Ligand code: SF4
Ligand code: SF4
């Protein structure tokens, strides 16, 4: 019984010492959502799609990003117009499957798809995890989601 009491007292003192040591330190947590984490430039959040200087979609439907995607999160459907030019009919990323590796951004030959800044992806409707081309283009137009903005 005496030994048990000694062990408990030692643990209690250790615990209290640790608490006191950290009591006056600056907290590492943030009061979210009022205070936001300062994202580094290398942060990889939900993807955005960029436009060219004339405001048209940059994506040319080459098929490289769905090919390289390790989690098969990208769906791409293309067709040809009257002049035989390829057009993107459907482009979708399933954010629930995506592992945010950034390969899609790295492989894109025309810098169309970029990892954005959006990390607030909790949803009540799982179908909203499938993001369409239109939504990604909209995010690409919005500096809030665009990691590097005008610099690219
Ligand atoms: S970040 Fe990686 S896993 Fe996500 S869509 Fe791009 S290639 Fe696929
Ligand atoms: S986003 Fe880039 S890599 Fe993906 S299909 Fe379009 S052009 Fe190709």
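Observations
- Residues in the range 36-50 that are at pLDDT 90 or above and either assigned to a loop (DSSP other than H, G, I, E, B) or within 11 Å of residue 115 (Cβ to Cβ) (or both): 43, 44, 45, 46, 47, 48, 50.
- Any hit, the range 137-151, residues being farther than 30 Å from residue 28 by Cβ, modelled with pLDDT of 95 or more, in contact with a helix residue (DSSP H, G or I) (Cβ under 9 Å, 6 or more places away or on another chain) and surrounded by 12 or more Cβ atoms within 10 Å (Cβ to Cβ): no
- If the condition is being more than 19 Å from residue 85 (Cβ to Cβ), surrounded by 10 or more Cβ atoms within 10 Å (Cβ to Cβ) and without any contact (Cβ under 8 Å) to a residue 60 or more places away in the chain, then the range 23-71 contributes 30, 36, 65, 66, 67, 68, 69, 70, 71.
- Filtered residues of the range 79-98 (kept if more than 16 Å from ligand 1 (Cβ to nearest atom) and either closer than 14 Å to residue 49 by Cβ or part of a strand (DSSP E or B) (or both)): 79, 80, 86, 87, 89
- Inside the range 112-128, residues that are farther than 15 Å from residue 45 by Cβ, surrounded by 12 or more Cβ atoms within 10 Å (Cβ to Cβ) and away from ligand 1 (no atom under 13 Å from the Cβ) make up a count of 1.
The values are calculated or read from the model by the stated rules, or taken from the named source; none is laboratory data. Since we're looking at a predicted model, the values are computed, not measured. So basically every Cβ, Gly included, is an ideal-geometry build from the backbone, and we count neighbours across all protein chains shown.
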